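The values are calculated or read from the model by the stated rules, or taken from the named source; none is laboratory data. No experiment lies behind these values; they were computed from the predicted model shown. Counting neighbours? That spans all protein chains shown, and the Cβs are built from the backbone with ideal geometry, glycine included. All accessible areas refer to the heavy atoms of the entire protein, side chains included, with ligands and DNA or RNA removed. Shrake-Rupley method; radii C 1.70, N 1.55, O 1.52, S 1.80 Å.
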Amino acid sequence: MKRLVNTIIIMFLLLHFGVSAQSDSRVISRQGQVSFFSYTSVENIEATNNLVSSIIETSSNKIVVDMLMRAFVFKKALMEEHFNESYVESDIYPKLTFVGEIIAFEAKTKGPQTKIIKGIMDFHGIKKEIEFKTKIENLNGNYVLEGDFEVSVSDFNIKIPSLLAPNIAKEIKVMFRFEYIPYE
Amino acid sequence: MNKIKFLILTIHIFGLSQLAVAQDDLLQLLEDERPKSLLYTMATFKTNRIAIGHSIETRKKGILQLHLGTRYWNIPLEGRRTSFLVDRVSVRFGAEYAFTDLFTGELGINSFDGVINSSLKYRVLRQQDNGKVPLGITLVQSTSLFTRNFSGVQLPGSFSERLLFTQQAIFARKFNRNLSLQIAPTYIHSNSQQLNFEEKDFFVLGLGGRYRIGNHTELVSEYHFVAGREEGVQGFNPYSFGLNWEIGDTTMQFFLTNAKSFDEATTILYTPNNFNFNDGGLHLGVNVIYVLHLKKRQLPK
């Protein structure tokens, strides 16, 4: 009887240990930067969001990203309003999330490495698998992750009126940079 | 013994589920980590004019807005018309500059009545998305200057008598993504007595609303009720109904109205005809609003 109780207590403690071990292996970036660019002959559109948050779980190579559409800053104020109101509809779809994996990531290896990230981007009500190359650098337990990729506007059901079709690129270039610190 | 087995199982399940949560809800964790930012409600109306009157909106800092307003109508005629398309056209040129995100100034001139007007607009309170501030308030001060006689209005002799002052407090709420309503108590002081008015001070209630019908279009309507006047010889309450269409930096406004003028005081007090389909009563309005970003923002590096 006593042995059983002890076993239970030990198991319980072990489970707790497991949970805390999980959070020890997490690194977080609270002010990651994501920019996007649309280049056409009519006009260039550029916006930056520097309040993007992301967590990497170094034990499982899992990466998640979360950003608010309203946090994107445009050079032209009116564009920002139209972006939110008429295109990405941020009142209905306030955020973009990404859940993926850094394939064959060696978290313990110091210095830069180039890896593929593969995962699901959830944006404007559409979930789509995307894959892109990224540079990751391990600076003594802090990580810097940067890279770029292209997304197609039509993949995410964003409607562009035909009158404005020449102003907005079909493929939007996305650039990102995250600096991770251990998560407490 | 069974009791203990049950206990083990419970603890196991409890512990495992905790593990599962820890693994899968990284996204939830990020959401909890995100600082709560203050978001002001965007685009209660698409532009800073509903159709004939001010909306609660102002432009953002550094924007110069050009306003080309046109009205078309027929005058009552016996016999055949000889004019091309319509008998009368009125045009307004206006320019509005946003000194800050909250404060704008405007200058404009109308061709039909020759009224020159300037206005200052200040946002006192902005609606917030989190619901803490449920509505927005904007103050408008507008001064109009008569420069000639038109439809019953006689040009007074002295300069000061030609002035009219309009003060508006606009209260508006965006109820949901489609519906916004505004109410604008207005006080107008006219330095001259026109159209057999005995008083020089008028209290007006302005009502306006929009309903979004597409991502780039909204239906709008507005009405100004002047308290204590008999509609008729002393003018009619102005009404408008129309469509606003946003095309990038340009906004087009198409509407029907009975107002001939463009400035606040003349539109509200001295609209000489009612809104109806009788000859001369209905005016077609087409406004083109173009936005120029004189100062562009710096993107965070």
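Observations on the structure shown:
- Heavy-atom accessible area with a 1.4 Å probe sorts B:SER190, B:SER111, largest first, into B:SER111, B:SER190.
- Summing +1 for each Lys or Arg and -1 for each Asp or Glu among the other residues whose beta-carbon sits under 12 angstrom from that of B:ARG173 gives +3.
- Mean-position separation - Cα centroids, segment B:187-206 and segment B:110-145, in angstrom: 20
- Förster-model FRET efficiency, 41 Å R0, B:PHE159 and A:ASN157, C-beta, rounded to 0.05: 0.10
- With R₀ fixed at 22 Å, the C-beta to C-beta distance from A:GLU146 to B:LEU102 puts the FRET efficiency at about 0.05.
- Using a cutoff of 8 angstrom between alpha carbon atoms and counting only pairs six or more residues apart, the relative contact order for segment A:26-182 works out to 26 percent.
- Converting phi to 3J(HN,Hα) with the Karplus coefficients 6.51, -1.76 and 1.60 and the offset θ = phi - 60°, segment A:169-184 yields 5, 6, 10, 9, 8, 10, 10, 9, 8, 10, 10, 9, 10, x, 8, 9 Hz in sequence order, with x at every glycine or proline.
- Of all lysines in the structure, those lying under 24 Å Cα to Cα from B:LYS61, and not within fewer than 8 positions of it along the same chain, are A:LYS75, A:LYS76, B:LYS46, B:LYS121, B:LYS174, B:LYS295, B:LYS296, B:LYS301.
- Between helix B:2-24 and chain B: long-axis angle, C-alpha atoms, 0 to 90°, nearest 10: 40
- The angle between the Cα long axis of helix A:2-24 and the longest principal axis of the Cα atoms of chain A comes to about 30 degrees, rounded to the nearest 10.
- Three-way shape call for the protein assembly as shown based on the alpha-carbon gyration tensor, with the a/c threshold at 1.5: prolate
- Electrostatic dipole magnitude of segment B:63-293 [Cβ: Lys, Arg +1; Asp, Glu -1; Cα centre; debye, to 20]: 440
- Part-to-part distance (alpha-carbon centres) for segment A:128-184 and segment B:39-89, which is given in Å: 41
- Accessible area of B:VAL86 in the full protein assembly, 1.4 Å probe (Å², nearest 10): 40
- B:ASN130/B:LEU195 FRET efficiency (R0 60 Å; Cβ-Cβ; nearest 0.05): 0.80
- Note on surface exposure: B:LEU179, A:LEU139 rank A:LEU139, B:LEU179 by accessible area, highest first, 1.4 Å probe.
- Judged by the gyration tensor of its Cα atoms, with axes a ≥ b ≥ c, chain A is prolate; a/c meets the 1.5 cut and a/b is the larger of a/b and b/c.
- Phi-based couplings in Hz for segment B:242-257 (Karplus 6.51, -1.76, 1.60; Gly and Pro marked x): x, 10, 10, 10, 9, 10, x, 7, 10, 10, 9, 10, 10, 7, 10, 7
- The listed residues B:THR271, A:THR114 rank as A:THR114, B:THR271 when sorted by accessible area, largest first, using a 1.4 Å probe.
- For segment B:62-134, the dipole from Cβ point charges (+1 on Lys and Arg, -1 on Asp and Glu) about the Cα centre works out to 140 debye, to the nearest 20.
- The relative contact order of chain B, computed from alpha carbon pairs under 8 Å that lie at least 6 residues apart in sequence, is 17 percent.
- Placing +1 on the Cβ of every Lys and Arg and -1 on the Cβ of every Asp and Glu, with no other charges, gives the protein assembly as shown a dipole of roughly 900 debye about its Cα centre.
- Shape call, segment B:60-213: gyration tensor on alpha carbons, a/c limit 1.5: prolate
- Taking every C-alpha pair closer than 8 Å and separated by at least 6 residues, the mean separation divided by the residue count of segment B:207-259 gives a relative contact order of 30 percent.
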